[in-house]
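The values are calculated or read from the model by the stated rules, or taken from the named source; none is laboratory data. These numbers were taken from a predicted model, which means no experiment stands behind them. Methodologically, a virtual Cβ is constructed for each residue, glycine included, from the backbone with ideal geometry; neighbour enumeration extends over all protein chains shown. Each accessible area value is taken on the protein alone, full model and side chains, heavy atoms only, with ligands, DNA and RNA left out. Shrake-Rupley method; radii C 1.70, N 1.55, O 1.52, S 1.80 Å.
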Amino acid sequence: GAVVSQHPSRVICKSGTSVKIECRSLDFQATTMFWYRQFPKQSLMLMATSNEGSKATYEQGVEKDKFLINHASLTLSTLTVTSAHPEDSSFYICSARDQGSVGYTFGSGTRLTVV
Amino acid sequence: SQELEQSPQSLIVQEGKNLTINCTSSKTLYGLYWYKQKYGEGLIFLMMLQKGGEEKSHEKITAKLDEKKQQSSLHITASQPSHAGIYLCGADNTGTASKLTFGTGTRLQVTL
């Protein structure tokens with residue numbers, strides 16, 4: 001079945017630095033990938049839709065300059081949290097839809113801690 | 001406002017008992033997806049429903065979509081500790097599968 005690989009699984013960074021999270025579709029091409037954020041004991045909040053070769057579409061209230069998304073190829077989307085602050089600490093998870101599969105496939109998530 | 005509401009928010013059941021989780025949408029559900037998540041991990045796809053009145057089962061889990069396509073239920077029969085986790089319903093409200101938004105989630109604990 002479709003597999004989405006997300007890296008890193010955990011990252012700790014200092015305030016003010018930037019962190020890049022990668023999301024790869026391993027055995028299928030994904031023209032569209034999705035980035036979610038999850039706070040403790042809460043559901044997933046859609047942050048943005050990543051479109052290959054074009055600008056990402058951000059949900060209302062998500063700062064595009066803070067959360068930079070790049071989808072340079074059909075198998076890779078990256079989310080960069082710029083000038084990270086402790087309030088950016090969260091669980092970030094990506095997903096992609098394989099046209100040949102039912103459902104959206106999710107990565108294993110990245111736990112970001114900003115100290 | 002939240003477009004997808006799940007109930008209950010949390011649930012503790014004894015092993016062997018049945019349980020039901022509900023997902024209600026304020027918009028028409030063109031596609032309704034059920035996922036399970038263990039805390040801090042990715043999501044495991046359970047089932048997808050599209051047609052009004054549709055019902056699907058896998059092992060001890062049954063999901064239904066009502067005729068009006070605005071409510072879905074997930075029923076677990078004879079619950080086991082392995083069923084514990086967070087259950088999330090996700091909705092395609094666009095009809096084009098262009099994005100998936102999630103409900104509030106239900107945290108399930110199964111006691112021995």
Within-11-Å neighbourhood charge of B:Q80 [Cβ basis; K, R +1; D, E -1]: 0
Restraint check, A:K20/B:K27; A:K64/B:K56; A:K66/B:K36; A:K20/B:K68, Cα-Cα greater than 32 Å: A:K20/B:K27; A:K64/B:K56; A:K20/B:K68
Rounded to whole Hz, the Karplus (6.51, -1.76, 1.60) HN-Hα couplings of region B:19-30, x for glycine and proline: 8, 9, 10, 10, 9, 10, 10, 7, 10, 5, 8, 7
Local electrostatic count, A:C13, Cβ distance below 12 Å [Lys/Arg +1, Asp/Glu -1]: +3
Free-standing Cys, chain A [no other Cys Cβ under 4.7 Å]: A:C13
Net charge of neighbours whose Cβ lies under 12 Å from the Cβ of A:E59, counting Lys and Arg as +1 and Asp and Glu as -1: +2
Within the accessible area of chain A (1.4 Å probe), percent carbon and sulfur: 49
Cα gyration tensor, region B:26-76 - rounded (a/c under 1.5), prolate or oblate: oblate
Backbone N within region A:1-43 under 13 Å of label point (7 Å from A:L68 Cα along the Cβ vector): A:17-21
Sparse-neighbourhood loop sites, GluC sites (Glu not before Pro) in region B:1-57 - DSSP loop, at most 15 other Cβ within 10 angstrom: B:E3, B:E15
Inter-label distance, nm, simple model (7 Å from Cα along the C-beta direction), A:R10/A:K55: 3.8
Rounded percent of accessible protein surface that carbon and sulfur make up, region B:31-112, 1.4 Å probe: 50
Vicinal HN-Hα couplings computed from phi for region B:42-59 (Karplus, 6.51 cos²θ - 1.76 cosθ + 1.60; Hz; Gly/Pro x): x, 9, 9, 5, 9, 7, 10, 10, 10, 9, x, x, 5, 9, 10, 10, 8, 6
Loop-located chymotrypsin sites (Phe, Trp or Tyr not before Pro) in region B:25-94 whose Cβ has at most 14 other Cβ within 10 Å (DSSP): B:Y30, B:Y39
